[in-house]
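Trainee: Can you read through this structure? Questions will come right after.
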Amino acid sequence: MRVLGQLLAQFAAVAAVAFVGSTGAAAVEGNGPLTMVVGVATAVLAVVVYRWVVRWTERRAPEEVAGKGAVPAFGRGLVIGVAMFSAVIGNIAFNGAYHVEGLGSVEGAIGFVGFMAAAATTEELMFRGVLFRIIEQRLGTWIAMTLTGVLFGAFHLANPHASLWGAVAIMIEAGGMLAAAYAATRNLWVPIGLHFGWNFAAAGIFSTEVSGNGATEGLLRSEISGPAFYTGGAFGPEASPPAITFGVLVTIVFLWLARRRGNIVPRRRSARAAATATLSQ
């Protein structure tokens, strides 16, 4: 019960910040600079609230969001996220399904900095910082990755242009990859940076739909055409085969690093099961 209480308290606290931030972003919609300010403020507040609620419920320092080393860790994740989505778009463009028609909106891209900072930070704190971390302590890395991946995919079903296939794609390429990034590094800054880089590249640079949230206008004015099973259709390129492929490959790399560093947590046996196993030896 104590563990469940910790999980609920931490998740609810960050979710409350996310709700307030989304409400504020909606109030300034269309104003890029203000959206950036609201979004970045939401991200910062979410980290502060997470640190406080972890200290209160677990009586420990939240090392997973420690300030030391945060900037380079976030930067590494950012580079990986932007590079991954660029590779996805490059693959789709190579096959003639993505076309750049000109320059887009700088103000729109500025707004996406804030919007994606808030989304990436709050979602990583909730799904990797709270759900994955706490479930992993009890059930091990593999079960925690599977459960939180399914939940993360299902979470995206609430988006306007969501589809079941899009949710499955998110579960495979992002739910597993971001959990593996946390397992490999044991900090949240890498997955936050990766999540932000991926989303910002999608909307703020290449102007594609992100997880079925509708049309975007970033730095490039673009058009995606072609069969939906290849481009991702209304859900966006995240539901495309190239995205799933690159997501799985990066997940494998992070899992390899996690295993090499001894960061894979085995499933924790109950006291009764441990006693039974001891008596049977």
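Read the figures in this text as sums done on the coordinates, not as results from a lab. All values reported here derive from a predicted model rather than from experimental measurement. All Cβ positions, glycine included, derive from the backbone under ideal geometry; neighbour counts span all protein chains shown.
Trainee: Return the only residue of 184, 174, 203, 169 being surrounded by fewer than 24 Cβ atoms within 10 Å (Cβ to Cβ) and touching a residue at least 60 places away in the same chain (Cβ under 8 Å).
Mentor: 184
Trainee: Still on this model: Can you tell me which residue among 37, 65, 14 is in contact (Cβ under 8 Å) with a residue 40 or more places away in the chain and farther than 23 Å from residue 183 by Cα?
Mentor: Testing whether each residue is in contact (Cβ under 8 Å) with a residue 40 or more places away in the chain and farther than 23 Å from residue 183 by Cα leaves just 37.
Trainee: Take residue 59 and decide whether it is under 15 Å from residue 128 (Cα atoms) and basic (Lys, Arg). Please lay out each step first, then the result.
Mentor: Details: under 15 Å from residue 128 (Cα atoms): no; basic (Lys, Arg): yes.
The answer is no for residue 59.
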